[in-house]
Amino acid sequence: MKIGMISFAHIHAESYAKALRRIEGVEFVGIMDEDSVRGRKYSELFGTLHFSNMDEFLKQDMDAVIVTSENVHHKEHVLASAKAGKHVLCEKPISISITDAQEMIDVCKANHVVLQTAFPVRYNSSILRAKEMIGNGVLGDIIAVKGTNRGQCPGGWFVDVELSGGGAVLDHTVHVTDILRWFLGSEVRTVYAEIGNTFTNHLIDDSGILSMEFENGVFASLDCSWSRNATYPIWGDITLEIIGTKGTLSVDAFNQKLNVYSNYLGYNHSFWGDDMDEELIRDFVNCIRSGKKEAPITGEDGLRAIEVAFAAYESSKKKSVIYLN
């Protein structure tokens, strides 16, 4: 199977590329990146070709692409790839607008290609075990969930709303929203949020607290802030406290690590456990190889997640509860 990547703008791109190199039977055929310096750097690192023109890139013999560009470019890159007959794995958030996300889904379906949203946390072993326990009724009926997805402000284009579409709330809400929808088998019915700029000097939201109610009656809270200090790891905090009628379950999806403290680098994580990114890529590859018509994590899953994030922004602006359709 032949797979290419579109842009190395996102911090997950390098990890996905490493995963491609480790999967047997997968050929990493090229990188399309309009940033020629960045494109050449990573094409040399991974021993593949660099393209600065999308049309030339999509003419290559390949089965699928991984889109890891700035959020604002997801739509154009997914649409171009779908129309060229390439299956697509798109980095989250799937888009910076609900309308655009729906168009991406529709175009992929019309061109008979798979569209998968990159939610790697679904492949964490503690998350998988929690889903199994919930499904088997070990916790009884789920009543409530308290979640966090905190981290350091990533900087760069993430804090430029014209490129990112939003700050911490868009960046971090989608992961936990997807997990909760998956766990509960239910959609979010209402959202109330308090959003602000508390921890950085950037003109974008860096803090948010969401309260959500699901259609099945479960309610959940989420801290999705970029609240960690400058020496804290950018990515590495998803926790859940799941309360049921028969018990309570605590999940720390990033606790398979050593805590490393240095005079030079401050506090860092040295992970020894699950490689969620690799499992995500493997599942995408297996989906295409098996000829499935639908991805394990669909474009619709990506759409539902951003619906909650954008409802949070609306709630904070209006200072009221937002009801999702």
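Structure data summary
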| read-out | value |
| --- | --- |
| Where Val121 falls short, out of the listed (1) closer than 19 Å to Ile6 by Cα; (2) under 15 Å from the mean Cα position of the chain (by Cα); (3) among the β-branched types (Val, Ile, Thr) | (1) |
| Within the stretch 113-147, tally of residues that are among the polar types (S, T, N, Q) and touching a Leu at 6+ places or on another chain (Cβ under 7 Å) | 1 |
| Restricting the stretch 157-191 to residues that are within 19 Å of Val121 (Cα to Cα) and hydroxyl-bearing (Ser, Thr, Tyr), the residue that is farthest from the chain's Cα centre (by Cα) | Ser186 |
| Filter result (of a type in the set (Ser, Thr, Tyr) and either in a helix (DSSP H, G or I) or under 26 Å from Val188 (Cα atoms) (or both)) within the stretch 268-325 | Thr298, Tyr313, Ser315, Ser316, Ser320, Tyr323 |
| Residue in the stretch 29-49 that is under 23 Å from Gly156 (Cα atoms) and in contact (Cβ under 8 Å) with a residue 60 or more places away in the chain present | no |
| The stretch 301-325 residues that are of a type in the set (Asp, Glu), paired with ones that are open to solvent by 70 Å² or more (accessible area, probe 1.4 Å) and in a loop (DSSP other than H, G, I, E, B) (beta carbon under 6 Å, 6 or more apart) | none |
| Identity of the residue in the stretch 63-95, without any contact (Cβ under 8 Å) to a residue 40 or more places away in the chain, among the small types (Gly, Ala, Ser) and touching a helix residue (DSSP H, G or I) at 6+ places or on another chain (Cβ under 7 Å), that ends up surrounded by the fewest Cβ atoms within 10 Å (Cβ to Cβ) | Ala84 |
| Condition met for Lys319 (more than 21 Å from the chain's Cα centre (by Cα), open to solvent by 30 Å² or more (accessible area, probe 1.4 Å) and either under 16 Å from Val113 (Cβ atoms) or of a type in the set (Asp, Glu) (or both)) | no |
| Residue that is part of a loop (DSSP other than H, G, I, E, B), open to solvent by less than 20 Å² (accessible area, probe 1.4 Å) and within 30 Å of Thr248 (Cβ to Cβ), where the choices are Gly147, Gly140 | Gly140 |
| Which numbered condition Thr245 fails, given (1) buried (at least 18 other Cβ atoms within 10 Å of the Cβ); (2) touching an Asp or Glu at 6+ places or on another chain (Cβ under 7 Å) | (1) |
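Results for (1) under 20 Å from Lys75 (Cα atoms); (2) out of contact with any Pro (no Cβ under 8 Å at 6 or more places or on another chain), shown as yes or no for each residue.
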| site | (1), (2) |
| --- | --- |
| Val113 | yes, yes |
| Ala118 | yes, yes |
| Val121 | no, yes |
| Gly135 | no, yes |
| Ile143 | no, yes |
| Thr148 | no, yes |
| Val161 | yes, yes |
| Val174 | yes, no |
| Arg181 | no, yes |
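A quick yes/no check of all residues on (1) in contact with a Lys or Arg (Cβ under 9 Å, 6 or more places away or on another chain); (2) within 18 Å of Asp178 (Cβ to Cβ); (3) modelled with pLDDT of 95 or more:
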residue	(1), (2), (3)
Gly85	no, no, yes
Val88	no, yes, yes
Asn111	yes, no, yes
Phe119	yes, yes, yes
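The values are calculated or read from the model by the stated rules, or taken from the named source; none is laboratory data. Nothing here was measured: the structure is a model prediction, and the numbers come from that model. Note: ideal-geometry Cβ built from the backbone for every residue, glycine included; neighbour counts use all protein chains shown. Accessible surface is based on the protein model in full, side chains and every heavy atom, while ligands, DNA and RNA are left aside. Shrake-Rupley method; radii C 1.70, N 1.55, O 1.52, S 1.80 Å.
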